[in-house]
Structures are given as C-alpha cells and as structure tokens.
Amino acid sequence: MEKFGKSQPVTRVEDQRLLTGQGRYVDDIVPEGALYAYLLRSPVAHGVIRHLDVSDAREAEGVHLVLTNDDLEAAGITAGMAGVLVDNRDGSKGAAPHRPVLAKGKVTHVGEPMVLIVAETLTQARDASEMIEFEFDDLPAKLDLARGGETIHPEAPDNLAFDWGLGEEAATEAAFAAAAHVVSLEVGDNRIIVNPMEPRGCYAEWDGARLHLAFGGQGVWGMKGELARLLNLDKEAVRVTNPDVGGGFGMKAAPYPEYFAVAQAARVLGRPVRWMADRTEGMLSDHGGRDLVSVAELAFDADHRITAYRVKTRCNLGAYNSNFGQAIQTRLFSRVLMGVYDVQTTWLQVEGYYTNTTQVDAYRGAGRPEAIYVLERVMDRAARELGLDPWELRRKNFIRPESFPYTSATGETYDVGDFDKVMRRAMIQSDATGFAARRAADAARGLLRGQGIGYYIESILGDPSEGAKVEFCDDGSVNLYVGTQSNGQGHETVYAQFLSDQTGIPAHLIHVVQGDSDRIAKGGGTGGSRSVTTQSTATLATVDTMIAAFVPYLADKMGVEPEAVSFDDERFRAPGSNLTPTVLEAAEMARTDDRADLLTHEARATLPGRSYPNGCHVAEVVIDPETGKATVDRYTVVDDFGNLINPLLAEGQVHGGVVQGLGQVFAEHVVYDEDGQLLTASFMDYALPRAEDVPMIGFTSEPVPSTANLMGMKGCGEAGTVGSMAAAANAVQDALWPVGVRQADMPFTPLKLWELIRDGAEAAA
C-alpha cells in the first residue's frame, strides 16, 4: 500500500495466524489449572420447578462447586438481567419480566440454565449433572405469535410484550382511502440460528480483589457494567477482555447468564473457571434471529407513484427481553422502513410476543434485512399486480438525487444518494437484457427461471462516537488502540491500513489493540456496521492531534515558525529546511529528547450524522419442477459504500452477507414441536448453506461519498444480507408466477417448492 497509494485491496494480515492455528480464541488462552463449568439446562419448555436436589452432585468426584439460584441469592445476587424495553402505543411501558441468571421457581424455554457445576474435568462436571434430582409441573408451551395462551410471565398476562407504533396513522389511512391502487402482501420471515464458527464461551478469574472475565463478544464495556451491577462489584474491580472472536453477527453482543454464573464461581473458588458451549448447547441457548410475520401494504396514485406505506408486524421475543433483541429491532426496523423510495406518509405497528423459545436478537443486520425484505417483497408484488416492469416501478419511485438531503416519513435524514445510477449499473453488470433469452432457454428444458431485484438501504447504528490512541513503542512499532471489536471482519488490516494511509507509518509496524477494558477506557464495540466509519473518524482525529503536537516541537528543530511546518501524509516539511522527518523519525527524535508527551496521542470523535450505504442485488434462480430443487445461477451486487479503505475486504464482507441471506432463503429454518422442544438442534437437522449452493458473486462499487464523515465512507458490514434475502426470494417468486403460485415464503426447500408448483398447477387447472 505504501508503494501504490491509498485504499488498496490489501489482503488480511491476521489470516496468517488465524488459518495456521495461531489464533487466540477464548478456549485457547484459558489460564493453567482452570476448572471446567457445565450447565444443567431445562429439558422442558415451560414448567414449575417442584424439586431440585443437588446434594449428590456436590459430593461427586472432582466437583468443586454447584451453584443454583438459591446460592446466588444467598450471595446477594438478586438483580435480573438487563433487557431492552419498548413503550406501547398508548404511552404505557412494555412488559419487563425479571430474568434470573439461573432459573428461579420455573423454566420458560428448553435450554434455560438451571444449575452450574464446576469440576476438575468436563467429564466430571457432566457426570455430576446427571446426579441432580429435579421434578417439574409441566405447563403448556406458548409458541404462536398471538395474544392469549398459557401465561409465561405475570407482567405480561396476554403474553404481549409491547404494542408499538411509528408514523402518522390517520394520514396513512387517508392516503390509502384515496389511492388509485393498493397492493398488499403477507410476508413471513422465518426464525434462524446464528451458528458462528466459534460457539459462545468464557473464562473468569478472581485474585481476591478484581474479577477478570474473558469472553467471545462484540465489545467489553457493556459486559463490564453488567458484571459490576449483577455481582455487586465496583466497576474498577472488573476487567473484561475479548480475545479473537470467531463470528458474532449481533448474537454475541448481549450478556448471557452463563458469563455471570461462571464469574461468580471463580469468585467463590478463587480459581479460574472456564466454560465453552458445544454446538447443540449453543442452538438451545443462543439468541436466535428473525421470526416475524408482517402484512405490508402500498398505496399508489394513478401514475404508480407510492403515496403511503403501511406495515403491521408480529414478532417473537422468545422467553425474555434480550439485551439486544426484537424490542430494539422495532426501532431499527423503522429507520430504514421507507427504503429508497419517495413516500410521504407511513404507519408501522409492531406487536411483540413472549413465547417458550430462546430470546430473539435482531442479528445479521439488526432490523435492516427484516425491513428491506418486507418492502422489496411487496414492491415486487406491486409490479406484478400492476403489470409494470419491476425495474421501472422502482426507478419511478426513487428519491431523486436533487432531493438530498432527504428526510423520510419516519424521520431519517439521508445525506446523499443516487439510487438510479446504482440500479442502472446493476442492470448492466447482471446482463438484465439477456434474462429473457436465458429464461426461454431454460423453459425449453422444462426448467423455471426467475429474476429478482432487491434494492436496500441501511444506516450506521450504535454509538456515533469513538476513541483512538496511537502509542509509539520502544522497538519502533506503533500501537493503535481502538474501541471496536473484530469478530472476523479484518479490523487489524483495515485499521492499520487507514492509519498508514494518513501518516505514512508502514502498516506492518502498526499493531491494533482492542477488547480490553483496562487498556481502553471506553468504546462502542462492534455492531450496526459502525466499526470502520466511527473508528476511522476517531483515528483521523487522533492523527490531527498527533500532528498538531509534533509541529511546534519540529519547528524548533527546523529553525522555523510552527505555522511554516506542514505534513503531507508522509513527512513533515518546512520551506528553507532540509529536515523532512517521517512520523516515526519524529517520534524517535522525541524519545531521544525525553519528550514522552509526544509518544502517545489520543482523541475522541463523534459523527455528525449517520451514513446510508445502499445498493442493488440481482439474483437469477432456476427451479426444476420435477424435484423442487432451486439453484442460484447468477448473482450480481452493485453497492454504494461511499469511499472504501480496502475494496478487497469490502467485497469479502458482501460475499459473506450474501451467503448468509441465501442460507435463510433456501435452507435455514428453526423448528419447534408443540411442546417447545427444538427439533433442529444439530447440523443433522439444521441446514447451513454449502459451497455448492452459492454461485460466483459479482461485486461492483458505485460510490456516492457520504457527507456525514470526512472520509466519505458509508459502512458495509451487513449490506450483503440486507439485499440478498429480497433479491433471492423475489427471483423464486418470479420463477413460480407463471405456474400459478402467488404466495411463497422462505425457506424455499425442494419439498416446499415441489408442493407449491404442484398446488399452483392444480389451482390453474
């Protein structure tokens, strides 16, 4: 990158260690002599605990500690776990049920932690768990998204967590009453499991005065605060670290009961305690995703311009409000509800329900895939029912470039955009004009081909402020301290590359330091596509602080006035002076002169507004009606991410997101039986996408630089999933439309497609 300039497609430097077994994941760095923790979990979805006897387990070989809720309460740990709440439409507060660390009196979902066992070996802990006696009075499981049924929490007698609304209901109703055309579609968004490469895990250690918890997460500061609150510790007595993390997707952002129980066990025993979930345990206890049903309606005038948009959604919270769950998802949902279309009024109503399932997080896109999926599915339906070209219907309703900055009907102010330019590029890259010939050729072979479009927009979310610190080390290297947390996105590469671009410091000498609450006082963690934009803004502010600090020092060395000294991203220069030091040379000069104040520089910066990445996904799907097998034959993405630091990493992010979206569209689906037992609790029953399910993915950058940050960036972390679900699902619907299928919801498994085609043909006949 030093040779060829800025924003180069540099390969990831961390891959060398991660792919050769040199990673430092939480289970790799456990202190020597750590004891093993195992959780006895509820085997039933809903029931009252009538009897729980752990005495035999406490006497089992190798067992050091057995913790129940009674033990936690005896130690003063009585506070409930945090959950995000939403106010109801009438202004009242949504339900806020108490969530204990370990089950108290009853259980509310299969896999809920009941007892923590700590032993010398994992086998001993597992064996001891089988000695625990317990009895339940079974209660009926509540699984549907509707009011009523067996009450899960007394705070929510109808199992309604909240009834929240946004927009202008009366104006929207009036617009629909006056509309020339109204199009409606019920859209299901099936529940999915996160399944990161690395399951959740942690270890804790207590030195008699301070607690240290290391866990695979998306930031350390929220966890630090919660540990202090629940365990009744001063915040300064808590250190939290995130080592390497093998995938997060929002699911690892939340605190979980296991972390608090393990931390308390370490505090009681005075020895390190470790815990790592196995795959089925994770499927039972991790926060899930999606699981909502929406009815979406569009009102059009006689010229086919959208006048109003109305959505009513029923969503699943699971057994409790998660710390980052569907409750907050409703707010995120609203921020991009309008998509890229010029709509004057809208009404969104979301009802959240408790069920006897694990909590549901808005992961894999934090509400944006849900919102865009609903909007783009109903836009696709509108094109069909109104007899319009789907490309042209979108073009007609795009917000025009001259209308920016544009405030949407939900209050979001988009700074810039040229959606038609991006879509026109997508038409070219996808060879949209050749689709008819490809469809005809497949039809001649008895196959069904469909083309689907998904135009998305998302926004950077989370804390708009971030900090950075640059430290010059004795060995000539540089530490860059950041407040975000990599979960595998390539932060070590892109942050070092950005600092190198701004200062000329060789990237291989820059070490990114993250995920340690002792070394970094404050940070917003990772999520909501915030990382690169907020962190780079903070780094840029730190570079400005650093240059300003060096200038008077170097001016004295150069024999000039400070205002004569300039920095050109590589060297300091001044007219009339032959001294042209690099930043590293300036730091070494300061070290020689005992100017320690010039060896560390830090700053915080706050974005003035969010940026709005957007793009167009185009999918072509071929279905064999004899088997129902769907194949994604072509896939094209054109994205407006603004200016890119590293195009190669951006493309990789898009590829990963697209594959996640395709996984949900064609295979992934969580199934519970009527008793709340998870039937898809292993990879024997839960289908992730495989290499053979994914085509080559074309990626093109069509930037319209943001005005909300100095670099013109827009973020890209979740964009692949936000656009792919709608594009692929619309392609399937396009393929099925000629055979009479009018309603199709994910996942499009071979059996489902075969049945839809059969039923559609029968209905047509």
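Numbers for the structure displayed
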| read-out | value |
| --- | --- |
| Which numbered condition A214 fails, given (1) closer than 25 Å to N69 by Cα; (2) in contact (Cβ under 8 Å) with a residue 40 or more places away in the chain; (3) among the small types (G, A, S); (4) surrounded by fewer than 16 Cβ atoms within 10 Å (Cβ to Cβ) | (4) |
| Residues (over 30 Å from Q8 (Cα atoms), in contact with a Phe, Trp or Tyr (Cβ under 9 Å, 6 or more places away or on another chain) and either open to solvent by 30 Å² or more (accessible area, probe 1.4 Å) or not in a loop (DSSP other than H, G, I, E, B) (or both)) located in segment 672-704 | L678, L679, A687, P689, D693 |
| Sole exception among (1) under 28 Å from L284 (Cα atoms); (2) surrounded by 22 or more Cβ atoms within 10 Å (Cβ to Cβ) for C716, by number | (1) |
| Residues of segment 498-546 satisfying the condition of being among the polar types (S, T, N, Q) and under 30 Å from T721 (Cα atoms) | Q514, T526, S529, S531, T533, T534, Q535, S536, T537, T539 |
| Criterion (modelled with pLDDT under 95, surrounded by 15 or more Cβ atoms within 10 Å (Cβ to Cβ) and either of a type outside the set (V, I, T) or touching a Phe, Trp or Tyr at 6+ places or on another chain (Cβ under 6 Å) (or both)) met by exactly one of Q653, Q733 | Q653 |
| Every pair of residues 6+ apart whose Cβ atoms lie under 6 Å, when the first sits in segment 192-204 and is under 21 Å from L678 (Cβ atoms) and in contact (Cβ under 8 Å) with a residue 12 or more places away in the chain while the second is open to solvent by less than 10 Å² (accessible area, probe 1.4 Å) and aliphatic (A, V, I, L, M) | I193/M283; V194/M251; P199/A277; R200/A277; G201/V26 |
| Options E626, E588; residue that is within 30 Å of M725 (Cβ to Cβ), over 31 Å from the mean Cα position of the chain (by Cα) and open to solvent by 10 Å² or more (accessible area, probe 1.4 Å) | E626 |
| Given (1) closer than 28 Å to H212 by Cβ; (2) out of contact with any Lys or Arg (no Cβ under 7 Å at 6 or more places or on another chain); (3) surrounded by fewer than 21 Cβ atoms within 10 Å (Cβ to Cβ), number of the condition G527 does not satisfy | (3) |
| When residues of segment 251-270 are limited to those that are among the small types (G, A, S) and open to solvent by 10 Å² or more (accessible area, probe 1.4 Å), the one nearest to the chain's Cα centre (by Cα) | A253 |
| Out of D234, D301, sole residue that is in contact (Cβ under 8 Å) with a residue 12 or more places away in the chain, acidic (D, E) and open to solvent by 30 Å² or more (accessible area, probe 1.4 Å) | D301 |
| Test: residue in segment 597-604 that is out of contact with any strand residue (DSSP E or B) (no Cβ under 6 Å at 6 or more places or on another chain), without any contact (Cβ under 8 Å) to a residue 12 or more places away in the chain and among the hydrophobic types (A, V, I, L, M, F, W, C) | no |
| In segment 356-396, residue modelled with the highest pLDDT [restricted to those that are open to solvent by less than 10 Å² (accessible area, probe 1.4 Å) and of a type in the set (F, W, Y)] | Y373 |
| Matching residues, segment 271-282, being of a type outside the set (K, R), open to solvent by 20 Å² or more (accessible area, probe 1.4 Å) and either under 13 Å from E205 (Cβ atoms) or assigned to a strand (DSSP E or B) (or both) | P272, M276 |
| Residues of segment 690-700 classified as in contact (Cβ under 8 Å) with a residue 40 or more places away in the chain and under 22 Å from the mean Cα position of the chain (by Cα), total | 3 |
| Pairs, first closer than 11 Å to Q733 by Cβ and of a type in the set (D, E, K, R) in segment 743-761, second open to solvent by less than 60 Å² (accessible area, probe 1.4 Å) and in a loop (DSSP other than H, G, I, E, B), C-beta under 9 Å, six or more apart | D745/N190 |
| Filtered residues of segment 376-404 (kept if of a type in the set (F, W, Y) and either free of Cβ contacts under 8 Å to residues at least 24 places away in the same chain or part of a helix (DSSP H, G or I) (or both)) | W391, F404 |
| Boolean, D27 is open to solvent by less than 80 Å² (accessible area, probe 1.4 Å) and under 30 Å from D569 (Cβ atoms) | no |
| Members of segment 30-52 that are over 16 Å from K104 (Cβ atoms) and either surrounded by 18 or more Cβ atoms within 10 Å (Cβ to Cβ) or in contact with a strand residue (DSSP E or B) (Cβ under 9 Å, 6 or more places away or on another chain) (or both) | V30, P31, A34, L35, Y36, A37, Y38, P43, A45 |
| Which numbered condition D163 fails, given (1) charged (D, E, K, R); (2) open to solvent by 30 Å² or more (accessible area, probe 1.4 Å); (3) out of contact with any Pro (no Cβ under 8 Å at 6 or more places or on another chain) | (2) |
| In segment 90-135, residue least open to solvent (accessible area, probe 1.4 Å) [restricted to those that are outside any loop (DSSP other than H, G, I, E, B) and basic (K, R)] | K106 |
| Matching residues in segment 429-473 - criterion: being at pLDDT below 95 and surrounded by fewer than 20 Cβ atoms within 10 Å (Cβ to Cβ) | D463, P464, S465 |
| Odd one out for R229 among (1) under 30 Å from G657 (Cα atoms); (2) open to solvent by 40 Å² or more (accessible area, probe 1.4 Å) | (1) |
| Top-ranked residue of segment 167-199 - restricted to ones that are more than 28 Å from G248 (Cβ to Cβ) and open to solvent by less than 50 Å² (accessible area, probe 1.4 Å), ranked as farthest from the chain's Cα centre (by Cα) | A179 |
| From the options K557, K522, residue that is in contact with a Lys or Arg (Cβ under 9 Å, 6 or more places away or on another chain), basic (K, R) and either open to solvent by 40 Å² or more (accessible area, probe 1.4 Å) or on the phi < 0 side of the Ramachandran plot (or both) | K522 |
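The values are calculated or read from the model by the stated rules, or taken from the named source; none is laboratory data. If you're wondering where the values come from, they're calculated on a predicted model, not measured in any experiment. Here the Cβ is made from the backbone with ideal geometry for all residues, glycine too, and neighbour counts use every protein chain on show. For accessibility, only protein heavy atoms count, side chains too; no ligands or nucleic acids. Shrake-Rupley method; radii C 1.70, N 1.55, O 1.52, S 1.80 Å.
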